[in-house]
Amino acid sequence: MTEFDYYRYSEEESQYESTEKQRTTVYWPDNSRVETIFYRDGKTAGYPKFVRVFDAFSGGNQLHETHYEEYLVHHTVGTTATFVAPKKVINSQQGVETRTQYSYDFENGGQYGNLVEIYEDGDTQINGDERRTVMTFAENATDWIVNRPSSINIYDPQGTSDPGDDTLISRTRFAYDENGEGIPPTQGVSGQIK
């Protein structure tokens, strides 16, 4: 039996930021620094929650922040987590916030953890700069070749949440091992790219 857990940042957890065991700070020779704050509880313990970059030349002002708001934890019931990956990520830089959401094949019956969709919201204050990337994979479980893309399609979401309304911007299709498109690879050697 397979089970999914989604872990999100919550305001109650913000107090632990002062706990030094959950924070790593790297100082660069120019005194700028990168600070990483980790989740402390649950199945995402030890995974980054925030990564912040501070500038030494402007009095230590924060230049950039990446917030790993949600993780997908995939595991088989009764075992430890076998797959942990970012699900929702927020980037902030100089007052501009962008959001990215990731989808994995586990969420739709897949079994390999392949990244199948990326939704980039662009600047959250501007409409029309969104992008959706959808990937399909040529999987050969017998030979353990399960992560080779079969196609990568990039869409303009047109401001709607219905993927059927999206406009195709770019399509790349792959073939492997001198086989045609859509045929699972036997060695995984990249062939044709269209």
Classify region 84-194: rounded, prolate or oblate, from the alpha-carbon gyration tensor (a ≥ b ≥ c, eigenvalue square roots; a/c under 1.5 rounded; otherwise prolate if a/b is larger than b/c)? prolate
N140 long-range amide H proximity, modeled H, under 5 Å: I145, V146
Can you tell me how much longer the chain between R33 and H64 gets when fully stretched, taken as 0.36 nm per residue apart minus their C-alpha distance, in nm with one decimal? 10.1 nm
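Provide the convex hull volume over Cα atoms per residue for region 33-75, in Å³. Could you put the intermediate results ahead of the total?
Details: hull volume 2.6 nm³, N = 43.
Value for region 33-75: 59 Å³ per residue.
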Assuming R0 = 25 Å, can you tell me the calculated FRET efficiency for the pair T133 and Q111, based on Cβ-Cβ distance, to the nearest 0.05? 0.70
Any chance you could run the full-extension gain for A141 through V189? It's 0.36 nm times the residue separation minus the Cα-Cα distance, nm to one decimal. 15.7 nm
Under a point spin-label approximation (7 Å from Cα along Cα-to-Cβ), what is the T24-A56 distance to one decimal in nm? 2.0
Provide the FRET efficiency to the nearest 0.05 for the T124-S151 pair, computing r from the beta carbons and using R0 = 22 Å. 0.15
Per-residue HN-Hα couplings for region 108-117 [Karplus 6.51, -1.76, 1.60; θ = phi - 60°; Hz; x = Gly/Pro]: 10, x, x, 9, 10, x, 5, 6, 10, 8
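Bear in mind that the values in this text are calculations on the coordinates, not laboratory data. What you see is a predicted model, and the numbers here were worked out from it, not measured in a lab. So basically every Cβ, Gly included, is an ideal-geometry build from the backbone, and we count neighbours across all protein chains shown.
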